[in-house]
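Heads up, the thing below is written out as structure tokens.
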Amino acid sequence: MASTYTSTLNLELQTTGENSGTWGTITNNNLQKLEAAIKGYVSVAVASTSDALTFEDGSTGLEQDNAIIKLTGSLTGNTTMQCEAQENWFIVDNATSMGNYTLGFKPAGGTAASLVSSSKHLLYTDGSTMFDVLADCGNIAANGTLTVSGNVEFDGGTFIFNNSSADLDFRIESNGNANAFFVDAGNDRIGIFNASPSVAFDVTGAAKISGAVDLDGGAFTWNDSSANDLDFRCETATLANAFFIDGSADKIGFGTNSPADASVEINQANASGAIACLALDQDDADEPFIKFDGDSQSDTSGNITTDTSIGSLTGYIRVDVAGTDRWIPYYATS
């Protein structure tokens, strides 16, 4: 009875009493094929867009016999490398020059696994489909550095960094900044374009918020460093300078970004019609509308005078009307 061959490794199975004088050679061939299947390495140049690994029953030194296969060469189109349509596993090193083409590895007549350029793959096949083990593996624990050259996609689960709450910083680098996003773990702070955030959230550069901003439970401080050239501006639907702080001049403007006539200037710039510059509505009837604090003189040399030379007045308050001093009289009683 003639020898038969295994389906996976193509080992020769000898019958009793057969192969007299060559039994040892055949046994050594089987051992060599077993060794190659466990630790063997071969480099294979891709010869066409539909190429196949060499294999043969009982023979040694064939490409498919090896556990580790390095693919080389330059692709000329979308390419498929195939093995025998039997159960097997391989470590494949894709060292081909792929350009814009694809490279698949599959059992003959079956479904291929896609290979990534300049990458190594752990593959196995059930004889009809090639599977990439790391494409959908379970939990992975890496004790060293994990470097990924391709895209990273998290789908269907949460991402947790530093779950043990160790003093481990987190950094995202952009094209032009090494610290586009930085978490200072030791100080519990976040920096944007800032590797040394001084507060809980520290942004270096401009910031834009399109939604609502809710400040609840803390004070809001503008220009805490007292820089002399930082203005503050609030815009409405029609006024570009509805509220304006001139940082260098220490002045406030309503409707103007150039308050010049006073520490606080109200400029009637509203296009909605003829309305007052200032309206006073005193809901508390027990308090005056306006409180004047200033130096009081007995003549007209100060802002407030107690001159009572005219009638029964208590005094006058000085106002500037179109550049000329005028006086508003006031009385001690109604």
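Every number here is computed from the coordinates shown, using simple stated rules; none is lab data. This is a predicted model, so every value here is computed, not measured. Every residue, glycine as well, gets a Cβ built from its backbone with ideal geometry; the counts of neighbours run over all protein chains shown.
Worth a mention:
- Longest to shortest principal axis, alpha-carbon extents of region 4-135, angstrom: 57, 24, 23
- Remark: region 68-187 carries a charge dipole of roughly 380 debye about the Cα centre, counting +1 on each Lys and Arg Cβ and -1 on each Asp and Glu Cβ.
- Pair Thr72, Thr27: separation of 7 Å Cα→Cβ label points (nm): 3.7 nm
- Using R0 = 41 Å, the C-beta based FRET efficiency linking Thr60 and Asn162 works out to 0.20.
- For region 228-279, Kirkwood radius (reciprocal of mean inverse C-alpha pair distance, Å): 11.2 Å
- Here region 230-299 and region 29-60 have alpha carbon centers that stand 88 Å from each other.
- Relative packing of 219-232, 68-81, which averages over residues the other C-beta atoms within 10 Å, highest first: 68-81, 219-232
- Positive-end extreme of charge dipole, the chain - chosen from Asn151, Gly17, Tyr101 (charges on Cβ): Gly17
- Dipole moment magnitude, nearest 20 debye, the chain about Cα centre, only Lys, Arg, Asp, Glu C-beta charged: 1280 debye
- Length available on full extension from Thr147 to Asp307: 0.36 nm per residue minus the Cα-Cα distance, which gives 49.0 nm.
- Pair Thr102, Ala52: separation of 7 Å Cα→Cβ label points (nm): 2.2 nm
- Between the listed residues Ser210, Thr4, Phe254, the Cα displaced farthest toward the positive end of the dipole of the chain, a dipole computed from Cβ unit charges relative to the Cα centre, is found at Thr4.
- Helix 23-39 vs. the chain, principal-axis angle (Cα, 0 to 90°, nearest 10): 0 degrees
- Net dipole in debye of region 4-135 [+1 Lys, Arg Cβ; -1 Asp, Glu Cβ; about Cα centre; nearest 20]: 400 debye
- Förster-model FRET efficiency, 22 Å R0, Glu173 and Asn139, C-beta, rounded to 0.05: 0.20
- Answer label for semi-axes √(5λ) of the Cα gyration tensor in Å (calculated), chosen among [x] 37, 20, 18; [y] 41, 21, 18; [z] 92, 20, 16: [z]
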